[in-house]
Amino acid sequence: GQQVMQIPQYQHVQEGEDFTTYCNSSTTLSNIQWYKQRPGGHPVFLIQLVKSGEVKKQKRLTFQFGEAKKNSSLHITATQTTDVGTYFCVQGSNYKLTFGKGTLLTVNP
Amino acid sequence: DGGITQSPKYLFRKEGQNVTLSCEQNLNHDAMYWYRQDPGQGLRLIYYSQIVNDFQKGDIAEGYSVSREKKESFPLTVTSAQKNPTAFYLCASKLRDRNQPQHFGDGTRLSIL
């Protein structure tokens, strides 16, 4: 099945710094979803991108879907300690979703 | 997510023993899923079910079995054939529409005694 590669695997930042994680696919994606998993918790849906070149914002989080629909990114402005967790990009068909390996974000207060 | 209940939260398995993990949802979702997560890793799909009495193997189905006798229930059995069962198991569900997100339970941590 389709695979999504996510980089970086880990990212440590000082509180207040920005953070970006990238998701890449060798094939065109019908859509991309982003989830966040807090340490010890379960993944929670953040957003879905469907259209080529789409950009969506949620407060300090900005999500982009590439023009070719083969890549996506999540950017967090001015990180806070509450942003700690693993961020996953997820792609899939009607029923089957494939998770990237995720980017673990740690924030030093 | 309050609508999906996994039990137990922690489970210990002896060698050669089958164990069953429970997953119940009251969201009236059509599709249900089981994932395995190892430390520092992403989620790998074990089995999924689109409708009652039907299910498909995911990427790592060997050593696992499922049933879908009711829409709201999708139990996972970890059989003795699964040689490395220690992991965090997550159940999820979603509506039929492709653009709907998955909702996850709180997970079950399975360990070998």
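Taken together, the values in this text are just the output of simple stated rules run on the coordinates, not laboratory data. In this text the structure is predicted, and so the values were computed from the model without any measurement. Please note: Cβ atoms are built from the backbone with ideal geometry, for glycine as well, and neighbour counts cover all protein chains shown.
Looking only at the stretch B:37-54, residues that are closer than 18 Å to A:Thr86 by Cα and loosely packed, with under 15 Cβ neighbours inside 10 Å come to 4 in all.
Being without any contact (Cβ under 8 Å) to a residue 60 or more places away in the chain, away from chain B (no Cβ under 14 Å), closer than 25 Å to B:Leu95 by Cα and not in a strand (DSSP E or B) narrows it down to one of A:Lys57, A:Lys69, so name that one. Step through it out loud before you land on a result.
On the way: A:Lys57 fails: not in a strand (DSSP E or B).
Criteria check complete, one pass: A:Lys69.
Taken as a whole, the stretch B:10-24 holds no residue that is in a loop (DSSP other than H, G, I, E, B), within 12 Å of chain A (Cβ to nearest Cβ) and more than 17 Å from A:Val90 (Cβ to Cβ).
Taken over the stretch A:57-91, the criterion of being closer than 16 Å to B:Asn99 by Cβ and out of contact with any strand residue (DSSP E or B) (no Cβ under 6 Å at 6 or more places or on another chain) is satisfied by A:Lys69 alone.
Tell me, please, whether a residue that is farther than 24 Å from A:Gln33 by Cβ and acidic (Asp, Glu) can be found in the stretch B:67-87.
So in the stretch B:67-87, the residues farther than 24 Å from A:Gln33 by Cβ come out as B:67, B:69-70, B:73, B:75, B:77-86.
From what's left, acidic (Asp, Glu): B:69.
Yes: one or more hits.
The number of residues in the stretch A:1-45 being more than 17 Å from A:Leu105 (Cβ to Cβ), part of a strand (DSSP E or B), more than 10 Å from every other protein chain (Cβ to nearest Cβ) and β-branched (Val, Ile, Thr) comes to 1.
Any idea which of (1) buried (at least 16 other Cβ atoms within 10 Å of the Cβ); (2) more than 11 Å from chain A (Cβ to nearest Cβ); (3) assigned to a loop (DSSP other than H, G, I, E, B) is the one B:Pro101 doesn't satisfy? Condition not satisfied by B:Pro101: (2). Within the stretch B:66-97, the set of residues being basic (Lys, Arg) and either surrounded by fewer than 15 Cβ atoms within 10 Å (Cβ to Cβ) or outside any loop (DSSP other than H, G, I, E, B) (or both) comprises B:Lys70, B:Lys83, B:Lys94, B:Arg96. Among the residues of the stretch A:26-47, those that are more than 17 Å from B:Leu43 (Cβ to Cβ) and surrounded by 13 or more Cβ atoms within 10 Å (Cβ to Cβ) comprise A:Leu29, A:Ser30, A:Asn31, A:Ile47.
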